[in-house]
Amino acid sequence: MTMASSSWSTWLREPNPASRLQSRLVQAWLSWLRFRRNPLAMIGLAISVALVLMSIFAPLLAPYDPIAQALGNRLLPPGTPGHWMGTDDFGRDIWSRILFGSRITLYIVLLVILTAPVVGLIIGTVAGYFGGWIDQVLMRITDIFLAFPKLILALALVAVLGPGMVNAVLAIALTSWPPYARVARAETLTVRNSDYIAAVKLQGAGAMRVILGHVMPMCLPSVIIRVTLDMAGVILTAAGLGFLGLGVQPPMPEWGLMISAGRKFLFEQWWVATMPGLAIFIVSLGFNLLGDGLRDVLDPRSSGR
């Protein structure tokens, strides 16, 4: 077993890879080794993995139904047998609600990740590659979206679309794509005049093939870093919409909605609002630490640090 592990490690450290697959695996392995040397990044990774596991195994980990009311157990303090995080004003177990709330948080984050960065990447690469009036039009549209604070614009969109989880995700996605477009455009302007791009054009490749096959892959590391760092902002925006009653609706156990429901008990039954607030804080901190670690690994300008 040790010999097999040693040979596998030697294969991943090969300075002259024999195939494209080996080259990519060697690069991924070396990136992982650099990432692993950053203790704060590993803490961020652990928190992110814990969020995913909590959302997957919430039905197994939660001792109670997160929605079912038990008015006889209302406002029990933390440490109560069977309710180690206490209960809310309807007697619902806060730990169970936080566990199921992680599902809603992860669902919102994943939907925003699958939409906003993709739109921003397409707009940014197209604007940077073609330039001229296309660049001017697309970037002015981007500037219009950037001129408004993200939360204010999301509130306006949700007010038009109506409250609800789907509309909240749509509003957050529509307000989150401009930074990715800016990042992708900047990267595209850097690589569009490179020799390898000129060589691909001489081979007869069209603009779509160049953008999809050669420009976008060069933009992905910067976009991935930006996505990871923006996850905390997405969570806070979703929690803000829930707090104001424009996001996920009761009785769903969304963390912002839980804080809103517990704010009237903040001075006497502090745990009702504090526990979901701590969940938002820890998860946001984890994503920020993870993003910093990925930036150190994926950004070539940071490779010498």
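The values are calculated or read from the model by the stated rules, or taken from the named source; none is laboratory data. Since the model is a prediction, treat every value here as computed from it, not as a measurement. For neighbour counting, all protein chains shown are included, and Cβ atoms are generated from backbone atoms with ideal geometry for every residue, glycine included.
Among the residues making up the range 255-294, those that are among the small types (G, A, S), touching a residue at least 24 places away in the same chain (Cβ under 8 Å) and under 18 Å from D93 (Cβ atoms) are A261, G262, A279. The residue that is farthest from L189 (Cα to Cα), counting only those in the range 218-261 that are over 15 Å from the mean Cα position of the chain (by Cα) and β-branched (V, I, T), is I259.
Among the residues of the range 157-189, those identified as in a helix (DSSP H, G or I), surrounded by fewer than 17 Cβ atoms within 10 Å (Cβ to Cβ) and in contact (Cβ under 8 Å) with a residue 12 or more places away in the chain are A159, A186, L189. Of everything in the range 253-277 that's part of a loop (DSSP other than H, G, I, E, B) and touching a Gly at 6+ places or on another chain (Cβ under 8 Å), which residue is farthest from T175 (Cα to Cα)? So, considering only residues that are part of a loop (DSSP other than H, G, I, E, B) and touching a Gly at 6+ places or on another chain (Cβ under 8 Å), the one farthest from T175 (Cα to Cα) is Q269. Being of a type in the set (F, W, Y) and either buried (at least 22 other Cβ atoms within 10 Å of the Cβ) or at pLDDT below 90 (or both) is the requirement here; does F267 meet it? Yes: the conditions hold for F267.
Just give me the residues in the range 31-68 being surrounded by 15 or more Cβ atoms within 10 Å (Cβ to Cβ) and either free of Cβ contacts under 8 Å to residues at least 12 places away in the same chain or part of a loop (DSSP other than H, G, I, E, B) (or both), in sequence order. Selection gives N38, A62, Y64, P66.
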